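A short worksheet on the structure shown next.
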Amino acid sequence: MSDKYAPDALIAYTEALFNAAGMDAEKSAIVAPLLVEADLMGHTTHGLAQAPAYLNGLESGAMLGTGEPITVSDRGAVITWDGQRISGVWLTAKAVELAVQRARLHGTATVVTRRCGHIACLAAYLELATREGCMITLASSDPSVESVAPFGGTTPLFTPNPIAVGIPTNGDPILIDISASITTNGLTGRLHGEGKTLPGEWVQDAEGRPSNDPAVLFTDPPGTILPIGGRDYGHKGFGLALMIEAMTQGLSGLGRADPKEGWGAATYIQVADPTAFSGTEDFNRQSTSLAEACRADTPAVGVDAVRMPGDGALARKRAAMADGLEVYPGLMENLATIGEKLNVEAPASL
């Protein structure tokens, strides 16, 4: 078990690290809270765990901490950005902000971004829109990385291709964060490094044999992560992956048909303002009724209660805000090593 830290102290520390590494202060002030937000929600592979890679990217120039995106197209309700390898967390947060503003004018607004730095945890962005009473859909892919094979194949062609949806209600929002694959690169990489196995046969070796050992992904040739549905119903995840590739890379105009340019992302963000449709009251009445009916459903054997997507994440966040955030073992030591080079002091644990 690792130590607990005050979330505000972690945010200040992460912000100071990025500032010292050359990121604009305005960007660091957005990136740091969103990384900590992911950990608060329990997404420990896609929050603070990404900070060392981001800091290394700033040092090497693979990720930029300064500059602005280039507007490729702007038709009011539809915007395309070239992110120029700027911090993907900052770009995505700004894109959500713009999409909310434009949805107020047009009812819906969509922002797609190419050459966007890695964007971390999709769920962390959803409340930026739901707090404004808007519904949001956010999807991401990386055209320079392959770890998931098409259904029935063995050669990796896709990233896990996550998609997230935030739905406001009269209470807690519904926060959906899934992917077209059974698991993620972050989790398989972590478990492989720790010599652990997956809970199920979520990957396959290079010849297509299902396995629970993430080591099959690191052979030559490599195995692949299985799509949602696995060997039996993986056509569902395959279809979702194709849709997300089209939404992110097709609409942004840069993808797998082009030469690889390095670790990054293509993103798709769509925001809908219920006031332009039936109205906020009717929308929330429907979403709240559905959420309440799901939670009241009779649980299956071995299940305590039905939970809505996001219930667990928000409960973990509230507990961590009250009692401190437990950081994944070894991460603070890794950050402290970088912090020493940057002359940034780590916070004390609680």
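From the set of residues in segment 106-130 that are crowded, with 24+ Cβ neighbours inside 10 Å and part of a loop (DSSP other than H, G, I, E, B), which is modelled with the lowest pLDDT?
GLY117
For (1) in contact with a strand residue (DSSP E or B) (Cβ under 8 Å, 6 or more places away or on another chain); (2) crowded, with 17+ Cβ neighbours inside 10 Å, each residue gets a yes or a no:
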{"position": "SER73", "(1), (2)": "yes, no"}
{"position": "TRP81", "(1), (2)": "yes, yes"}
{"position": "ARG85", "(1), (2)": "yes, yes"}
{"position": "LYS94", "(1), (2)": "no, yes"}
{"position": "ARG104", "(1), (2)": "no, no"}
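Scan segment 212-243 for residues that are charged (D, E, K, R), in contact (Cβ under 8 Å) with a residue 12 or more places away in the chain and over 14 Å from GLY153 (Cα atoms) and jot them down.
Within segment 212-243, ASP213 is the sole residue that qualifies.
It is to be established whether one or more residues within segment 251-258 are buried (at least 17 other Cβ atoms within 10 Å of the Cβ) and among the acidic types (Asp, Glu).
no
Give just the number: which of (1) touching a Phe, Trp or Tyr at 6+ places or on another chain (Cβ under 9 Å); (2) closer than 19 Å to LEU34 by Cα does PHE277 not satisfy?
That leaves (2) as the condition not met.
Can you name every residue in segment 260-279 that is more than 17 Å from ARG102 (Cα to Cα) and either touching a residue at least 24 places away in the same chain (Cβ under 8 Å) or touching a Pro at 6+ places or on another chain (Cβ under 8 Å) (or both)?
Matches in segment 260-279: LYS260, GLU261, GLY262, TRP263, GLY264, ALA265, ALA266, THR267.
State all residues of segment 294-350 that are surrounded by 15 or more Cβ atoms within 10 Å (Cβ to Cβ), of a type in the set (Asp, Glu) and closer than 18 Å to VAL36 by Cβ; if no residue qualifies, say none.
GLU326
May I ask you to say which residue of ARG307, ARG295 is in a helix (DSSP H, G or I) and of a type outside the set (Phe, Trp, Tyr)?
ARG295
Among the candidates GLY83, GLY153, GLY133, single out the residue that is modelled with pLDDT of 95 or more and at positive phi.
Only one candidate passes the filter, namely GLY133.
Under the condition of being in a loop (DSSP other than H, G, I, E, B) and among the aliphatic types (A, V, I, L, M), which residue from segment 1-43 is modelled with the lowest pLDDT?
Among residues in segment 1-43 that are in a loop (DSSP other than H, G, I, E, B) and among the aliphatic types (A, V, I, L, M), the one modelled with the lowest pLDDT is MET1.
The values are calculated or read from the model by the stated rules, or taken from the named source; none is laboratory data. Worth saying up front: this structure is predicted, and the values here are computed from it rather than measured. Positions of Cβ are backbone-derived with ideal geometry, glycine not excepted, and every protein chain shown enters the neighbour counts.
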